[in-house]
Structures are given as structure tokens and as C-alpha cells.
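Each reported figure results from applying straightforward, stated rules to the coordinates on display, with no laboratory input. What you see is a predicted model; the values in this text were computed from it and never measured. Don't worry about glycine lacking a Cβ; one is built from the backbone with ideal geometry, like all the others, and counts go over all protein chains shown.
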Amino acid sequence: MNFVEARLAKLARNGDRNAFAELVELYKDKIFHLAYRMLNNKQEAEDAVQETFLRVYTNLHRYDENQKFSTWIFRIGTNLCIDRLRRRKNTYSLDAEMPDGEGNDYYAMLPSHEDTPEKQVIVSETQEQIRKAIDTLPEKYKSVVILRYLQDMSLQEISDVLEMPVTTIKTRVHRGREYLRKRIEQEEQDANTNPVHM
């Protein structure tokens, strides 16, 4: 696959639009999945995918054919998502209470992950709890946890994508996992000490 991707990138670099369209087809879903997991917003994820491919197209001359294409495109997509998260952090907080006085926060405004009732039934409480915990991860742990466990990348691949030493990636994966474990344990304790009365 790597040879095919490198060849497609080379053809696209020389102006072959069909080759670039094939690269888009190969990676659009993977980049969307990454962006959606990092940004938690369908529209922003779609925008990030478009921006990723725009950057890929305009920077094809910089692609090193000795490097895996997947590493290069994931680095671009990840960095764009991190930039969006930083900008978002400066403009509003999703945890902030809405001015409606109902006690809702801005998370309630985000679109649901589940598209159909069938999908909603399939998603277990544990998966939902883990997803929510991932959403709360600090930015530096969130990207490595998503790449490691949701994109199933090796530590070396994550290191290549984020341009960090493998030792740093290992540390962040470990700390991210610890953060998730503590967060989930705390939520379970809170649920046990604060039962809902009907």
C-alpha cells in the first residue's frame, strides 16, 4: 500500500488530478474519524478534512517519498485539529452554563454521535463513559490516546505523526490512560454516592 500511495502522491504532484482523487478516497474517512474524535463536532470535523486535503494538495512538493504517506497526512490532520482546539479554547468553554437558567451547558448543543435508534441501542454505557472521559482529556494527552486506541497506531507511528520522541509518546499514553482511569472511577463513585431519585 505504501508504494501505491507514494506513487499516487508523485503523480498528483505532477498534476494528475485522478491520482489526487484516489488519495482523497483512500484517506477521507480515516481523517474524518480522527477529526471527529478530536473535535467532537461533525461540521468542524468535515471542515478539518477539507482543510487537510487542501494542505496536502498545496504541499505535495514537500512530501518525502521515503516517509509513509499515511504518517504525513495524519500529521497534517492532527495538527489542524490541535490548532482548532486551541482556537476553540480561547473563544468559549463547553462546560460553561448556558444563559437559559436551566443549568444546561454547551455540550447539550453539540450534535449527537448516534444517527439512528439502532446505533443508540448498540452503544453501551461503558463506551459512552469512556468517550466522555476522552473528551475531557487535556489536549496533549487527547491526541495520543485517540491515535493509539481509536486509530490503532503504534507508538512509533504516533511519534512520526506528532514529531515527538517515542519516550514522550509512551509517557503521554500512560498518563492519558491514568487520567481516564481516575476520571471513570470518580464518575462511578459520584454515581454511587448521588443516586437519582424518581
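On a full-extension model of 0.36 nm per residue, what is the gain between GLN156 and LYS42, subtracting their alpha-carbon distance, rounded to one decimal in nm? It would help to have the intermediate numbers written out before the result.
Numbers: separation 114, 0.36 × 114 = 41.04 nm, distance 2.87 nm.
Gain on extension, GLN156 to LYS42, equals 38.2 nm.
What nm distance separates the two modelled labels at ARG131 and GLU65, each placed 7 Å from Cα along Cα→Cβ?
4.2 nm
For the range 124-163, what are the per-bin percents of Cα-Cα distances with bins 5 Å wide, up to the bin holding the maximum?
Calculated over all Cα pairs of the range 124-163, the distribution is 6, 23, 27, 21, 13, 6, 2 percent.
State, to one decimal in nm, how far the label point of VAL4 lies from the label point of THR167, with both points 7 Å from Cα in the Cβ direction.
That separation, rounded to one decimal, is 3.9 nm.
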